[in-house]
1. How big is the stretch 61-142 in terms of Cα radius of gyration and Dmax, in angstroms?
2. What is the antiparallel percent of DSSP beta bridges lying wholly in the chain, to the nearest 5?
3. Taking square-rooted eigenvalues a ≥ b ≥ c of the alpha carbon gyration tensor, is the stretch 172-220 rounded, prolate or oblate, where a/c under 1.5 means rounded and, failing that, a/b exceeding b/c means prolate?
4. Would you compute, for the Cα atoms of the stretch 1-147, the largest minus smallest coordinate along each principal axis and list the three values in descending order, in whole Å?
5. For Cα pairs less than 8 Å apart in space and 6+ apart in sequence, what is the mean separation divided by the residue count of the chain, i.e. the relative contact order in percent?
6. Ranking request for peptides 200-211, 275-286: highest mean number of other beta-carbon atoms within 10 Å first, then the rest in descending order.
7. Residue 244 versus residue 85, label points 7 Å from Cα toward the beta carbon: distance in nm?
8. Hey, what did the stretch 1-151 get for relative contact order, percent, Cα under 8 Å, at least 6 apart?
Ligand SMILES: [Ca+2]
Ligand SMILES: [Ca+2]
């Protein structure tokens, strides 16, 4: 189903039952109202849902495996998501907010939440059993952050702030890493912080001076996963971006990665001449350029070839010329960076991540 309005003034908008128990029922690009948005006894794949003003539960997941992405649950008096024992949920790149008294997610099954914002609710996640794996999320301005009565909880790269009844209840700081939690104060444990995250006005994105920016483990260990952050301004922003300009694309704490454009910026408009030996780009006054070359099979976010500045002839700073062909059947890649004399600019984006440009990353 795609592109519909399920408006049930009372009752369930979509009630999913199937004899193909493990084949997920797909619903996308739908706005739902009612007592319950989706009730599912079987597997589902739910994308681009807007679940508004429900009175019982936005998603009532009683059985099966569920994948939910790019969705928003907001308003109403019910819970956002209820996950029963025996069911599983992967909720990613989604928002649950402005629930009058309802909890964001109630977990009795096995849940993975990643790149999720839960704010202004009667409690972000209530763990009554099963497992909760929480990564790269922001939980703020709710009655509580994570409250565990039973089950297992692990938390990483998650930003808690201003949750009235505490950020973590029944969860020790030893189960939390690279996160921001102040109640209890988890700073000093597993790379955690307790700081004012400095949200932008009217959103939960991080300001340029936020101490939660670039606060994560070695980006090489992250391997570019998850790929994207929670989309607001930018639909598919890489999860790993370098904010402080040290060449290392450390992940930011929380659901949003800040899109910082450092100076000098990425080199633009690269195009080959007809001679197939000369590569040109747009020149900015006052900048120097560096060229990197390597075998195309070795190109990765932390492997960007060897610097070959001799390919850039001095009088023409906005082109390189390479008369050294690769071996038969092989191919070179080229990367070009700008340099203003203070710092070298970005190597651009690889899959899911900005390319690492620091000595620690360079693995030619
Ligand atoms: Ca970053
Ligand atoms: Ca950095």
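Just so you know, all these numbers are worked out from the coordinates, no wet-lab data involved. Computed from a predicted model, the values in this text were never measured in an experiment. So basically every Cβ, Gly included, is an ideal-geometry build from the backbone, and we count neighbours across all protein chains shown.
1. Answer for the stretch 61-142, Rg first and Dmax second: 11.2, 31 Å.
2. Details: 22 of 101 bridges.
Looking only at bridges with both residues in the chain, the antiparallel portion is about 20 percent.
3. On the way: a/c = 2.64, a/b = 1.41, b/c = 1.88.
Verdict is oblate for the stretch 172-220.
4. 37, 29, 22
5. Details: 1083 pairs, mean separation 30.5, N = 364.
Across the chain, relative contact order equals 8 percent.
6. On the way: 200-211: 14.5, 275-286: 13.0.
Those peptides, ordered most packed to least, come out 200-211, 275-286.
7. About 4.6 nm separates the two model spin labels.
8. On the way: 533 pairs, mean separation 22.0, N = 151.
Relative contact order for the stretch 1-151 comes out at 15 percent.
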